[in-house]
Each structure stands twice: as structure tokens, then as C-alpha cells.
Amino acid sequence: MGEFSQIPRLLDAVRERAPLVHNLTNNVVQNDSASAIAAVGATQATVHNVEEARELAAISSAISINLGTPDALWTEGARIAADVAAEMNKPWVLDPVAVGLLPYRTELAAEFLARGPSVVKANASETLAIAGVDARTHGADSQHDPDEALDAAVGLAARASTVVACTGAVDIVTDGRRVVRIANGHPMMGRLIGTGCMLSPLVAAFLAVAEDPLDGAVAGLGVMAVSGEIAAAAAAGPGSLRALLFDALHNLDGETLSARLNLQSTAT
């Protein structure tokens, strides 16, 4: 794998260290996100209440904040967790679900972006919207291809000093200086609600063991995409894909990941 030889080793590191992810996710995918974290070998706590947010964030290895179904109390807990991440230099992922769809969540995404996430994980339409280039979205589904959002992703990463992981048929990960394309996955994954939301805490788990946030993001996206390919090969549809995806995450090993992962890296 050349320059990406460290990616399979990060999978081993997640399983050896079982990092604790503070998983502030949305109401639609709480169980599936928790199951995905456990399947890959990490540990999670899906805790949203304000009273425990500071203490849990402080003992966590990484934090994942998903803006899919925010309410006032959830949002306050997420703010506290993001603030702890800044204070204690902990990695965290921002998933700005459906940013650009409605003013409130667009403003909320901008607020959390200003708090300095290690990684912004978004589809192409969300990437354009949070970068301020194009606010047209269609719920949580993308209306754009990642290559259409490439310039916006690179610019956002550079301005915000973050890594942008833009998902689609070919995922794009950039830190503003490098661009990594991940040509894995399967179209059926888009028919299973929650695959994108499962991905955010998976990325957080890999950030907890990676020295470079770009490597952590590539590892998280790569593991999910390869697992999705393996699961889809045996699935009859989205229902069976769901169970097979958890199995694939659990059974994936570094050798298989190395053999199947299709990565290309370029400078910006």
C-alpha cells in the first residue's frame, strides 16, 4: 500500500486499545451507530444529557457530534463536549447532517465548525453548504458528487485547519494540502439509513489511535467502505445488508483491508 501502509495498522490499534468514543448522535441511528463502534472493536457511550457531558467527554478518547436531530438540551451537551475536546486537545468529528436544508441547522453547523473539529465528515452537498459555496441540499441525501465539492473541501480544510472527509461514490479526504480518494464501497449502502451516521463515530475511533487526523479519517472511511463492499456481495437488499455490515466490520482484518483498499493520493 506504499504511503498508506499505516492504515491497516490503525485497525489493529483500535482493537488493541478499544478507545472510548463519546457518541453524541441523532435519534434515528443511535443503536446502529453504537453497534458499528462495538463491531469494529472500539468502545462507546451514547450519552446526551448535559449533566454528564463534561465528565464523559473528559474520560473519552474521542468525541463524535452528529447534528441530525438537535434539540436544546442535546445541543448544550454537545457544546460542552466540544469545549472539553478543545480544552484537553481531544480529537472530535463534526457531522453536519443536512446543513443548508434549514436555517437553524445551518447556523448550528457554523457554530460547531468554529469550535475546531479534527474532522468534518459530510456528503458532497453538505460539504458545499458548510463551506458556504452552495446551500442546496435534499435532507440528509447528497445532490452532488464529491468531485463537485473538491475545491470547497480543500478550501474549508485550509481555512478551518481541519480534515474534510467528503463521502460519495468515491470518497475524498483532504487536509487542504493533500487529497486522498477512496474508491471502495457499494451503491446499496446509500439505501441503508444510517451508514453515513455510523461512519462519524468510526472515524472518531480511528482518530483516537492515529497521529495524523488525515490518516484517522482515511482509515475510518476505508474500513467502512471495504466492509460495505464485503457485506453487499452477500446481501439481498438493505435489510440483510445491515446485519452483514456489522459482521463485516467485526471480521475485517488488516490483510483483507490492505488487499481491497483502493486509495489514491495527490497534492493540492
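The values are calculated or read from the model by the stated rules, or taken from the named source; none is laboratory data. Just so you know, these numbers come straight off a predicted model, no measurement behind them. Note that we place each Cβ from the backbone using ideal geometry, even for glycine, and neighbour counts take in every protein chain shown.
Of all the residues in the stretch 169-178, those that are out of contact with any Lys or Arg (no Cβ under 9 Å at 6 or more places or on another chain) and either free of Cβ contacts under 8 Å to residues at least 40 places away in the same chain or surrounded by fewer than 20 Cβ atoms within 10 Å (Cβ to Cβ) (or both) number 4.
Taking the criterion of being assigned to a helix (DSSP H, G or I) and within 20 Å of Ser33 (Cα to Cα), the residues of the stretch 60-78 that qualify are Trp74, Thr75, Gly77, Ala78. Could you check, for the stretch 117-134, whether at least one of its residues is touching a Cys at 6+ places or on another chain (Cβ under 7 Å), over 30 Å from Asn49 (Cα atoms) and at pLDDT 95 or above? There is no residue in the stretch 117-134 that is touching a Cys at 6+ places or on another chain (Cβ under 7 Å), over 30 Å from Asn49 (Cα atoms) and at pLDDT 95 or above.
When the stretch 199-236 is limited to residues that are among the β-branched types (Val, Ile, Thr) and over 14 Å from the mean Cα position of the chain (by Cα), the one that is surrounded by the fewest Cβ atoms within 10 Å (Cβ to Cβ) turns out to be Ile230. Listed by first and then second residue, the pairs with beta-carbon distance under 6 Å, at least 6 apart or on different chains, first residue in the stretch 1-27 and more than 21 Å from Ser64 (Cβ to Cβ) and crowded, with 18+ Cβ neighbours inside 10 Å, second of a type in the set (S, T, N, Q) and at pLDDT 95 or above, are Pro8/Ser258.
I'd like to check something: does the stretch 184-198 contain any residue that is on the phi > 0 side of the Ramachandran plot, modelled with pLDDT of 95 or more and either part of a strand (DSSP E or B) or buried (at least 24 other Cβ atoms within 10 Å of the Cβ) (or both)? Scanning the stretch 184-198 turns up at least one residue that is on the phi > 0 side of the Ramachandran plot, modelled with pLDDT of 95 or more and either part of a strand (DSSP E or B) or buried (at least 24 other Cβ atoms within 10 Å of the Cβ) (or both). One residue stands out in the stretch 70-107 among those that are hydroxyl-bearing (Ser, Thr, Tyr) and surrounded by 15 or more Cβ atoms within 10 Å (Cβ to Cβ): the one that is modelled with the highest pLDDT, namely Thr75.
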